[in-house]
Amino acid sequence: MQETMETTQAMIDHLAAVNKILEKNNYSEGRLIPILQEVQEVYKYLSKDMISYVATSIGVPPSRVYGVATFYAHFSMQPKGKYIVKLCDGTACHVKKSHGILAALYKKLNLSDEKRTTDDLMFTVETVSCLGACGLAPVMLVNDSVHGQMTPEKTDEILDVILAEEKAAAK
């Protein structure tokens, strides 16, 4: 009985952030996209359970929420890392060998085209069509930090700094 109560309390605590988001948006179906954006910001992705919870809370079928979540490329149905690395592969970046930077990212983080998030959920690597900074090509974005004129070596240095900061913060 105690274990069931603890599990229920853990679920309530887990959903507290979602409940605040829903309340802030008045449980409005018309606010579905902003609700999903905020939920994803908190949890880094939209799980099937979260989609069902949001749907039930705003009074729409889960299939409608799932349809919205899968229609827009901004939403992710897979867990993402703490650090989202977006590598531009637009024309200017591609010509300046962004593929070598992608290879360096994959090698350093033990990722591939099929596996884009590290097992520890620290990094997710994505390629994007354009970051709008062609004059800095090739360009990489780490969360909100823009890094221009990238090379595989500079990529390793940036990742090493992040990893060192994470290690120091864990102490």
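The values are calculated or read from the model by the stated rules, or taken from the named source; none is laboratory data. Everything numeric here is computed off the predicted structure, so don't read it as measured data. Counting neighbours? That spans all protein chains shown, and the Cβs are built from the backbone with ideal geometry, glycine included. SASA here: full protein model, heavy atoms, side chains in, ligands and nucleic acids out. Shrake-Rupley method; radii C 1.70, N 1.55, O 1.52, S 1.80 Å.
For GluC sites (Glu not before Pro), the sites in segment 103-160 that DSSP calls loop and that have at most 15 other Cβ atoms within 10 Å are Glu114. Dividing the convex hull volume of the alpha carbon atoms of segment 52-152 by its residue count gives 117 Å³ per residue. The C-alpha atoms of the chain define a longest principal axis, and helix 152-170 lies at about 40 degrees to it. Only protein atoms count toward the accessible area here, which uses a 1.4 Å probe; on the chain, the carbon and sulfur part of that area reaches 55 percent. In this rough spin-label picture, where each label sits 7 Å from Cα along the Cβ direction, the Asp13-Asn110 distance is 3.0 nm. Its DSSP H runs of at least 4 residues, each contributing -39,500 (n - 2.57), put the calculated 222 nm mean residue ellipticity of the chain at -17000 deg cm²/dmol, to the nearest 500. Please work out the C-alpha center-to-center distance from segment 24-90 to segment 149-169 and express it in whole Å. One Cα centre to the other: 30 Å. Projecting the alpha carbon convex hull of the chain along each direction and taking the average yields 12.7 nm². Summary value for the chain: 18 percent relative contact order, contacts being C-alpha pairs under 8 angstrom separated by 6+ residues. Computed with a 1.4 Å probe over protein heavy atoms only, the accessible area of His99 comes to about 110 Å². Applying a 4.7 Å Cβ-Cβ cutoff to the chain leaves Cys130, Cys134 as cysteine residues with no disulfide-compatible partner. Size estimate for segment 99-141 follows the Kirkwood approach: the inverse of mean 1/r over distinct Cα pairs works out to 11.3 Å.
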